[in-house]
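The next block holds one structure in the form of structure tokens; read it before the comments.
The values are calculated or read from the model by the stated rules, or taken from the named source; none is laboratory data. Small disclaimer: the values here were computed from a predicted structure and weren't measured. Here the Cβ positions follow ideal geometry from the backbone for every residue, glycine too, while neighbour counts run over all protein chains shown. The protein model used for the area step is the full one, side chains on, heavy atoms only, and it has no ligands, DNA or RNA in it. Shrake-Rupley method; radii C 1.70, N 1.55, O 1.52, S 1.80 Å.
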Amino acid sequence: MAAPERGAAAGGAFLVAHGITATKIRMPNGRVRIEGPARWDLWWIEPAVIVAYLALFVVYSTWAALQNAHYYAPPYLSPFYSPCLSTDCQHVTVPLFGKMPSLPILGVVSPAFLVLWAPGVFRLTCYYYRKAYYRSFWWSPPACSVADAHGSYSGETRFPLILQNIHRYFFWVLLIFNCILTYDAVLAFHQPGVGYGISVGTVVLCFNAAFLWLYSLSCHACRHFCGGQVRSFAKHPLRHKLWKFVTPLNGMHMRFAWASLFIVAFSDLYVRLVASGTIHDPAFHFG
């Protein structure tokens, strides 16, 4: 069987398996318009869950940033406020950065807004998240073999979507934040007035740092940096090793994207609950 025929057969099997009975009409502009009932399965569940998940995170993170309180419970610093770059911070900032002017001079209401923009832009332009919100929010298209909500398609060649290309540069910015949050996780092993130990907060911040690294290293931009534009891996053995290391991670990028998003919000929530005295932080000390 020729390759196109095999592709057509596979596509037909997919349509039958998913109960797709729509008519596909080739448009003059090269697009395919779907008419009729597209799918009878519960295809809408995934985009609905993604909308709810992302909306919940945006609402919570915005609320947490606006609070400007309960983000530091020694030795834990919320990842939403790290590094804390203001004289209004509740703790000593990372020595590398020092302290910036007070917030009224900067014209913002919370030091969280001085740092959240960078990881926010990275996730907003992430290749996987783009697919997720293009489908779930813009319905372009909402699912395979479901009618597109838009009559035209220009890809990411026009403003503002052409700005998505900054993702590859923000990858390097995010690595800086990963190092800082890893530093915060190491500091969490030292309990003030007690000594070194492990607590629930320590575990939470370590998981947060670990999953942020997994999310970053599994990024498509990272994989391209390791092995992209290489004509022969034999001439670049180091890049080949790096490429082989990140490629399996890249296959799990979607999972790391959602897991890291949940854990970074949970880390802020845990620190907030401890700082406000709502919960106690159980710990085991080495002595």
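I need a count of the residues in region 248-279 that are under 14 Å from the mean Cα position of the chain (by Cα), among the polar types (S, T, N, Q) and either open to solvent by 50 Å² or more (accessible area, probe 1.4 Å) or under 14 Å from Tyr81 (Cβ atoms) (or both).
Result for region 248-279: 0.
Can you name every residue in region 145-176 that is closer than 19 Å to Arg223 by Cα, open to solvent by less than 50 Å² (accessible area, probe 1.4 Å) and of a type in the set (A, V, I, L, M, F, W, C)?
Going through region 145-176, the residues closer than 19 Å to Arg223 by Cα turn out to be 164-176.
Filter once more, keeping what is open to solvent by less than 50 Å² (accessible area, probe 1.4 Å): 164, 167, 170-171, 173-175.
Result: Phe170, Phe171, Val173, Leu174, Leu175.
Which condition breaks for Ala234 when tested against (1) more than 22 Å from the chain's Cα centre (by Cα); (2) within 19 Å of Ala64 (Cβ to Cβ); (3) assigned to a helix (DSSP H, G or I)?
(2)
Pairs, please: C-beta under 7 Å, at least 6 apart or cross-chain, first residue of a type in the set (Phe, Trp, Tyr) and in region 62-86, second open to solvent by 20 Å² or more (accessible area, probe 1.4 Å) and not in a loop (DSSP other than H, G, I, E, B)?
Hits for this filter: Tyr71/Ala275; Tyr72/Ala275; Tyr76/Val274.
Counting only residues that are assigned to a helix (DSSP H, G or I) and not hydrophobic (A, V, I, L, M, F, W, C), which one in region 205-231 is most open to solvent (accessible area, probe 1.4 Å)?
Of all residues in region 205-231, those assigned to a helix (DSSP H, G or I) come to 205-217, 220-227.
So of that shortlist, the ones also not hydrophobic (A, V, I, L, M, F, W, C) come out as 208, 215-216, 220, 223-224, 227.
On the way: Asn208: 4, Tyr215: 2, Ser216: 0, His220: 74, Arg223: 77, His224: 104, Gly227: 14 Å².
Restricting to residues being assigned to a helix (DSSP H, G or I) and not hydrophobic (A, V, I, L, M, F, W, C), the top hit is His224.
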